[in-house]
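Please read the structure below before turning to the comments.
Any read-out appearing in this document is the output of simple, stated calculations on the displayed coordinates, not a laboratory observation. Being a predicted model, the structure only gives us computed values, none of them experimental. Virtual Cβ from ideal backbone geometry, glycine too; neighbours counted across all protein chains shown.
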Amino acid sequence: MLVLVMGVQAQSYRFMEASTLTMVGKLLPTTNPYHRVDTEKFKGFTPKEQMQVSCSSGLAVAFSTNSTSIVVCTDYPYVRVEPANATGIAYNGYDLYIKKEGEWIYAASALPDLSQKMDTLQLIETLPAGEKECLLYLPIYNPLTAVFVGVESGAYLKPLPMPFRHRIGVYGSSYTQGVSTSRAGMSYPSQLSRMTGLQMLNLGCSGNAKMQPYFADVLCAAQVDAFLLDVFSNPSADEIKERLFPFIEKVQAAHPDIPLIFQRTIRPESWNFCEDKRQTESYRMHVADSLMAIAVKKYQHVYYIVPDAAGGSHENTVDGLHPDNYGYTLWAESIRKPLLKILKKYGIR
């Protein structure tokens, strides 16, 4: 633990490297604790995919403290410029939850001054006295070199016991990564964790979840109790035809007795008045539906569920493709019951 005086209201803070706290949502061990895949070990990724699996999407740190103020200090190797359909807080910032009466409740979210190296971010202050159990989500679209969590110099900062049960690997598209959320804790896997108490291990890679063999290698190496798969949002219909069954067989060879729970992709709002998009997306959905009808009969432990990010409305989108925060809440709510019903068969509760 470090004791430093930082320029935040002339307050003295004690800092701990975040990776020495309890890491939540991590699929595999990596040399850099904030990367999701060790690309020195797993080969085949394109430069963009290599950057994406180095992002801290879905990762969080859990800790307890009696401090009335919490700060964060980050070393970014470079600054990611967020696109028009995302916020800076989601891409580069932090999202804090504190447990109250058994529930994880939103507490604060903020973005450091990215022009300042190792800027000390005042995340929250004037907290009530006494112990707080905290869950701090890391940025969804920025690789990190180091993260330091700081509390008042007279306060304690301790790792929490793992606050979630089991290990559910979640592989998927930008939807899984959480693109277009306003802050890091609002992807559907993160919301599912808070809803169910199950640990979701996020391997969302925007635009690149196409059942490539090297992604399957990562899933084969993971120690998990189940997989939740969003693999029909990125590949073309032809790629789905070519890759689905080999992907299932490869993952099942490594994990013969755990459930592989596939999700249908969601209906994009961008096709409401665009016939070409509607036809293309409808055909891709048809191919996935047809092949999954075969797969659930052909393979043991394979399932197919249907998420809903619209809830009967056309309003829950940011850019016609990605849901907004509420759309991702609807997604998580829509699959919660069927997911828990399947997991219960395997003693996952």
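What is the local net charge at K26, summed over the other residues whose Cβ is closer than 11 Å to its Cβ (Lys, Arg +1; Asp, Glu -1)? Present the calculation step by step, with values, prior to reporting the outcome.
Working: positive: R36, R167; negative: none.
That sum, taken over residues with Cβ under 11 Å, equals +2.
Quick one: order F247, F42 by neighbouring beta-carbon count within 10 Å, fewest to most. Intermediate results must be reported in sequence, preceding the final value.
On the way: F247 22, F42 17.
Fewest-to-most ranking of F247, F42: F42, F247.
Before anything else, pin down the relative contact order of the chain: Cα pairs under 8 Å, at least 6 apart, normalised by residue count, whole percent.
Working: 782 pairs, mean separation 60.4, N = 349.
The normalised contact order for the chain reaches 17 percent.
Would you list E17, E315 from fewest to most Cβ contacts within 10 Å? Provide the component values of the computation, followed by the final result.
Numbers: E17 14, E315 11.
Least crowded to most crowded, the residues run E315, E17.
So what is the calculated 222 nm ellipticity per residue for the chain, using -39500 (n - 2.57) for each DSSP H run with n of 4 or more, over all residues, to the nearest 500 deg cm²/dmol?
On the way: 8 runs with 97 residues, N = 349.
One gets -8500 deg cm²/dmol as the mean residue ellipticity at 222 nm.
Antiparallel DSSP bridges in the chain: what percent, to the nearest 5? Please report the intermediate quantities before stating the final value.
On the way: 44 of 61 bridges.
Roughly 70 percent of the DSSP beta bridges within the chain come out antiparallel.
What are the lysines whose alpha-carbon lies under 23 Å from the alpha-carbon of K158, with same-chain residues fewer than 8 places away excluded?
In chain and number order, the partners are K26, K99, K100, K132.
Can you order the peptides 69-77, 164-172 by their average number of other Cβ atoms within 10 Å per residue, highest first? Display every interim value, and only then the final one.
Values: 69-77: 20.2, 164-172: 22.3.
Result, highest mean Cβ count within 10 Å first: 164-172, 69-77.
Provide the packing ranking of 326-332, 295-301, i.e. peptides ordered by the mean count of other C-beta atoms within 10 Å per residue, highest first. Don't skip to the answer; put the middle values down first.
Working: 326-332: 22.6, 295-301: 14.0.
For the peptides 326-332, 295-301, the packing ranking is 326-332, 295-301.
Would you check segment 165-344 for Lys pairs whose C-alpha atoms are within less than 24 Å, ignoring same-chain pairs closer than 8 in sequence, and give me the count?
So the count works out to 16.
Quick check: net charge around A90, other residues with Cβ under 14 Å of its Cβ, Lys/Arg +1 and Asp/Glu -1? Don't skip to the answer; put the middle values down first.
Values: positive: R80, R183; negative: E82, D95, D319, D324.
Within the 14 Å Cβ shell, the charges total -2.
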